Amino acid sequence: MGQRKSSATSSISAEPKKPHLGAALQELEKKAEQPKIIHPAKVVAEGFRQIEAVLDQGYSFTDIARVFVKHGVKISVKDLKAHYEEQRVKRSQTEAKTISDSTLPTPTQLPQVDATTMPAPNPRPPQSNESATIQQQPAQVDTINAQAKFNEFSLYSRSLYQGNQP
């Protein structure tokens with residue numbers, strides 16, 4: 001029978017290379033800091049304000065995509081535009097929700113109103129000494145009228161909020 005050849009090839013040097021685990025780990029750390037691929041959604045989310053400003057200046061999505069590609073960030077015009085529109089809608093909804101949440105009262109914040117809290121209308125004209133009392137306290141009367149109107153509006157608003165027709 002024939003002799004067996006050794007499995008070693010001639011390309012391996014005579015001296016084996018010493019392992020450098022520390023150097024390999026350092027190189028991996030550097031690679032971990034700079035991802036090979038950045039997802040288009042992340043590109044747009046992090047650069048939304050800059051992208052929006054450039055679009056406002058008249059540049060196109062193609063112009064913007066070229067800048068990203070020039071710097072090694074791979075993104076297509078289609079993905080850039082789609083993720084930009086998605087972010088724009090998401091941000092406008094967030095802003096609208098924040099504004100509405102801060103300005104509109106919840107049903108529990110509306111004042112509780114019943115017939116005992118609203119002043120009853122005066123069916124008779126004031127007597128001579130009563131008119132002087134009313135004239136001396138116009139601010140109190142205005143406050144009572146304003147409160148009555150507010151209570152009436154609150155009842156109306158609450159009925160609309162709960163879906164009832166007045």
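Out of 79, 56, report the one residue that is under 19 Å from residue 91 (Cα atoms) and exposed (fewer than 10 other Cβ atoms within 10 Å of the Cβ).
56
Does residue 117 satisfy the criteria of being within 30 Å of residue 147 (Cβ to Cβ), modelled with pLDDT under 90 and not basic (Lys, Arg)?
Criteria met by residue 117.
For segment 31-72: of the residues being outside any helix (DSSP H, G or I) and among the hydrophobic types (A, V, I, L, M, F, W, C), which is nearest to residue 85 (Cα to Cα)?
If we take residues in segment 31-72 being outside any helix (DSSP H, G or I) and among the hydrophobic types (A, V, I, L, M, F, W, C), then 38 is nearest to residue 85 (Cα to Cα).
Can you say whether residue 45 is in contact (Cβ under 8 Å) with a residue 24 or more places away in the chain and of a type in the set (A, V, I, L, M), as far as the supplied structure shows?
Taking the combined requirement at face value, the residue satisfies it.
Would you check if there is a residue in segment 84-104 being modelled with pLDDT under 95 and in a loop (DSSP other than H, G, I, E, B)?
The answer is yes; a qualifying residue exists.
The values are calculated or read from the model by the stated rules, or taken from the named source; none is laboratory data. None of the values given here were measured: they were computed from a predicted structure. Please note: Cβ atoms are built from the backbone with ideal geometry, for glycine as well, and neighbour counts cover all protein chains shown.
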